[in-house]
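The values are calculated or read from the model by the stated rules, or taken from the named source; none is laboratory data. Fair warning: this is a prediction, and the values are worked out from it, not measured in the lab. Heavy atoms of the whole protein, side chains included, go into the accessibility calculation; ligands, DNA and RNA do not. Shrake-Rupley method; radii C 1.70, N 1.55, O 1.52, S 1.80 Å.
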Amino acid sequence: QVQLAESGGGSVQPGESLRLSCVASGIVFRLHAMGWYRQAPGKQRELVATITPGGNSNYADSVKGRFTISRDNAEKMVYLQMNSLKSEDTAVYYCNANYIRVNFWGKGTLVTVSS
């Protein structure tokens with residue numbers, strides 16, 4: 001059974017940082033591209049960042065320079081370091097695992113950025 005479990009969400013003020021974590025089970029982690037997506041209230045889910053099995057990363061323009069995705073294949077973990085958070089970063093953040101067009105999703109973790 002595939003499981004992706006996110007953690008690390010919370011409420012912060014603008015300019016602060018958070019680190020999201022996702023632990024995977026039930027997949028051959030090293031073969032999967034991993035990603036973080038988010039969905040704000042009333043909006044569609046959007047890509048935040050992805051990282052290939054080899055460690056190449058890609059970011060949405062809105063988070064470039066502020067967010068960093070990383071992975072630990074030995075621990076089956078993927079992380080999202082979020083710095084300089086803005087109110088528009090408020091959303092539920094979802095962990096994604098992808099291998100040959102098969103996608104798995106976590107249940108999400110809520111990030112709220114508000115003064």
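Pairs of lysine residues in the chain that meet both criteria, 8 or more places apart or on different chains and Cα atoms under 21 Å apart, total 5.
Per residue, how large is the accessible surface of segment 21-83? Use a 1.4 angstrom probe and give square angstrom. Intermediate results must be reported in sequence, preceding the final value.
On the way: 3220 Å² over 63 residues.
Computed with neighbouring chains in place, this is 51 Å² per residue.
The portion of the accessible surface of the chain made up by carbon and sulfur, rounded to a whole percent, is 46 (1.4 Å probe; DNA, RNA and ligands excluded). Let a ≥ b ≥ c be the square roots of the eigenvalues of the Cα gyration tensor of segment 1-59; is it rounded (a/c under 1.5), or, if not, prolate (a/b larger than b/c) or oblate? Taking the square roots of the gyration eigenvalues as a ≥ b ≥ c, segment 1-59 is prolate.
Of the residues Val102, Val78, Val28, the one that moves most in a GNM of the chain with alpha-carbon contacts below 10 Å is Val102. Hull volume per residue, based on the alpha-carbon atoms of the chain and their convex hull, is 94 Å³.
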